[in-house]
Amino acid sequence: MLRPDTIALTALLALLTAFGPVATDMYIPSMPDIGRSLDASALAVQLTLSAYLVAFAAGQVIYGPISDRYGRKPVLLAALALFCTASLACALASSIEMLIAARALQALGGCGAIVLPRAIVRDLYAGERAGRELSRMGAIMSFAPVIAPLIGAVVQAELGWQANFLIIVAAGLAATVVAWRSLPETLQHRPAARISFASTLQSYRAIIAHRAFLAHLGIVACSYAGLFAWISGSPFVLQNLYGLSPIGFGIAFAGASLGSVTGGAIATSLVTRVGLDRTIGLGTLALAVGGLAMVAGQALEFAPIASLVLSMVVYQIGLMLALPQAIAGAMTPFPDRAGTASSLVGVTQQISAAALGTAVGHAAGYSAWPLAGAVAAMGCLSFLFWATSRRLRAEGAHLSALSLATIVAPRPGGLPFESTVDQRLSAVANTGR
């Protein structure tokens, strides 16, 4: 079993969370060929992406509460099994309708690989340590949007669109075997009551009523929505308006994504030195600066392509400083419901991103202003959330620290219900559970 607080466990959790984005990014270069092969319209092929995004958001509601009852590892393995089976169905699809349905099932499996690693992090860490771990995972995962489309394009050119899904199947099976053999079970306290619709709603209501959670959630939703505004709008702005070729766009997009790599590396060392809240503050400040710089570049009409990309570099540096720490802050007050909290964070994050991304994607065909305005608005809103809710977040952090300091008697044959972070690390490492 992998030991907590090691780079090996961090890398495994990061690779698991990358499955969702990779499943989309790898097949995007194949979309025109899918239309030709399955005799489908461009709109029908687009539905393979829309169905995935909708199912990816909806499925996150399920995994958290179930994992709080039955454990992280078995639920994660079930999600990976569904992901691999659905990916194989995608490769074998003989009609666009079959592909759309298989993509929805693929998303239902893939979203579990997002929710559950976050819950595992919360089981093992809190506060700055959780933020550092999520930043490490984010730094590793940030390579996915850079590498996956390039791999997908090469595979499409050499082997065809089905091969992309078969590669995803192989990667998923490998990850399932590694998780089964190496991933410890980190859930310590399982509620005695059976899971039910009423109990799940009660858990969600209790989490939503926590004001510090909502303050962190606002930062998560706004900062991530700004990123999706870029993802949805940049292809139209950079290619249709400014005339970049597909290869030129890929280089520009990869250049902007280097901001995430840089921000993740900075956050990993910064959060343990200056604390969770200050790291979020620096991140949201960079988000606002990057967004406003994008607006200024449009207003001044100075090197529009360079100004868009460089502004997004700054924004994505801020994103990786703020987003993992805000997720950690949102989940910290709920050591006994980390899965449910992770689900709620993921659903809100995905819905806000999809809503703004769709709006910008439709409006960005004629001007770069919708893109620049959306990124600036989300960056400034993130900073305002941080600046105006500091007291609420500080109160939440104080209560969470008191909760984590409480040690109760261990259950027979198991781990303590609650303990200090160091004791939890030691207990999981020693038991291999």
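No value in this document is a laboratory result; all are computed from the given coordinates. Note that the coordinates shown come from a computational prediction; the quantities given were computed from them, not determined experimentally. Backbone-built Cβ (ideal geometry, glycine too); neighbour counts: all protein chains shown.
Values for this structure:
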item: Whole-Hz couplings from phi, Karplus 6.51/-1.76/1.60, listed for the range 38-46; x for Gly and Pro; result: 9, 6, 10, 6, 4, 5, 5, 5, 4
item: Distance histogram in 10 Å bins (all Cα pairs of the range 9-161, percent per bin); result: 12, 37, 34, 14, 4, 0
item: Positive dipole terminus of the range 35-131, leading residue within Thr48, Val75, Ser37 (C-beta point charges); result: Val75
item: Listed residue (Ala104, Leu124, Ala374) projecting farthest to the positive dipole end of the chain, Cβ model; result: Leu124
item: Where Rh is the Kirkwood radius over Cα pairs, Rg/Rh for the chain; result: 0.97
item: Cα-only Debye scattering, the range 174-261: base-10 log of I(q)/I(0) at q = 0.13, 0.14, 0.21, 0.26 Å⁻¹; result: -0.84, -0.88, -1.01, -1.17
item: J(HN,Hα) series, the range 370-382, from Karplus relation 6.51 cos²θ - 1.76 cosθ + 1.60, nearest Hz, glycine and proline x; result: x, 5, 4, x, 5, 4, 5, 4, 5, x, 5, 5, 4
item: Ranked Thr340, Thr358, criterion: other C-beta atoms within 10 Å, fewest first; result: Thr358, Thr340
item: Exposure proxy ranking, count of Cβ atoms within 10 Å, fewest first, for Cys380, Cys84, Cys111; result: Cys380, Cys84, Cys111
item: Debye-sum result for the range 102-209 in log10 I(q)/I(0), which assumes one identical scatterer on each alpha carbon, at q = 0.10, 0.18, 0.20, 0.24 Å⁻¹; result: -0.46, -1.19, -1.32, -1.46
item: Ranking of Arg337, Arg122, Arg129, Arg3 by count of other Cβ atoms within 10 Å, fewest first; result: Arg3, Arg129, Arg337, Arg122
item: Amide H contacts of Glu185 (H built 1.01 Å from N, under 5 Å, at least 5 apart or other chain); result: Arg433
item: Cα-based shape type of the range 78-156, given that a ≥ b ≥ c are square roots of the gyration tensor eigenvalues and the cut on a/c is 1.5; result: oblate
item: Shape of the range 121-170, Cα gyration tensor, a/c cut at 1.5; result: prolate
item: For Ala387, net neighbour charge (Lys/Arg +1, Asp/Glu -1) across residues whose Cβ lies under 14 Å away; result: +3
